[in-house]
Amino acid sequence: MYDSSTYPNWQQTEKEKLTEAIKAHFELHSTSLPTDKNYYTLEKILGRGAFGKVYLGTHNLTGQSVAMKMIKKTYLEKSEHAKRKVF
C-alpha cells in the first residue's frame with residue numbers, strides 16, 4: 001500500500017488520528033470503545049488462577065501496558081453461578 005520510506009510519517013499520522021478519535025469517543029460517551037484481543041499484543045503470563053491466566057499486554061494504538069485476564073471456557077460452561085461470579 002504505502003512505502004514507509006516514501007511516506008515516513010504516514011503511520012505515525014494515522015496512529016495519532018486513531019488515538020484522537022478514541023479520546024474524543026471517551027470524552028463524549030464516558031466509555032471506552034469496545035475492543036477485543038486483536039487490539040493488543042500479549043507479552044508474557046503474569047499469573048494463573050482458577051478462572052484462567054493473566055497476561056501483560058500492550059495496546060497496539062496507544063502503547064499503554066495493560067493486564068488482560070483470559071478466562072477458560074470450560075470454567076464458564078460449568079454453571080450459571082460460575083458465569084455470574086466472573087461477570
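Things worth noting here:
- Counting only strands (runs of 3 or more DSSP E) wholly contained in segment 40-87, the ones carrying 2 or more residues that are touching a helix residue (DSSP H, G or I) at 6+ places or on another chain (Cβ under 9 Å) and surrounded by 13 or more Cβ atoms within 10 Å (Cβ to Cβ) occupy 52-59, 65-71.
- Residues in segment 1-35 that are farther than 17 Å from residue 64 by Cα and at pLDDT below 65: 11 in all.
The values are calculated or read from the model by the stated rules, or taken from the named source; none is laboratory data. Keep in mind it's a predicted model, so treat the numbers as computed, not measured. Glycine gets a Cβ as well: all are built from the backbone with ideal geometry, and neighbour counts include every protein chain shown.
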